[in-house]
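Since the structure comes first, as structure tokens, the remarks are kept for the end.
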Amino acid sequence: MNGTGPRSIEGAGSRADARPRPLRTLVAFDERGFTLIELLGAGLDQYRLDVGSYPAAAQGLDALQKNPGSASNWNGPYLKKSVPKDPWGNAYKYRCCPGQHGEYDLWSEGADGAPGGEGENADVTSWDSAQK
């Protein structure tokens, strides 16, 4: 997962907190990131079933909450709540149509907000999530 440390998630510390996090905390953030990607992926799939295609990259994930105006047969919202942030408080990245790894790409750049990385800075991606 990439990016700086988690924001105000209980027991996780802050972005300015440079202390190492316990492994179980890192695993929890990794799993939460994958879970949120799967939730967004389910919304994207339902959108595609109704509209006939995934939202364009320019429409982004907000198309899951409100009709972008050009989507006939839009029957959303496709999420019960607003589009979630990743476990570190950053917006998920979305690339479509197509993505580089599938019909769409959905990812978080982890705690440091930069591509790549290891541990809490490693990216959490839809293409890795699909293999789990």
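Accessible area per residue for the stretch 57-115, computed on protein heavy atoms with a 1.4 Å probe, is 55 Å². Converting phi to 3J(HN,Hα) with the Karplus coefficients 6.51, -1.76 and 1.60 and the offset θ = phi - 60°, the stretch 109-122 yields 8, x, 5, 8, x, 10, x, x, x, 10, x, 5, 8, 5 Hz in sequence order, with x at every glycine or proline.
Protection proxy ranking of 75-88, 104-117, by the mean of other Cβ atoms within 10 Å over each peptide's residues and highest first, is 104-117, 75-88.
The values are calculated or read from the model by the stated rules, or taken from the named source; none is laboratory data. Being a predicted model, the structure only gives us computed values, none of them experimental. No Cβ is skipped: glycine too gets one built from the backbone with ideal geometry, and neighbour counts run over all protein chains shown. We work out accessible area using only protein heavy atoms, side chains counted, and drop any ligands, DNA or RNA first. Shrake-Rupley method; radii C 1.70, N 1.55, O 1.52, S 1.80 Å.
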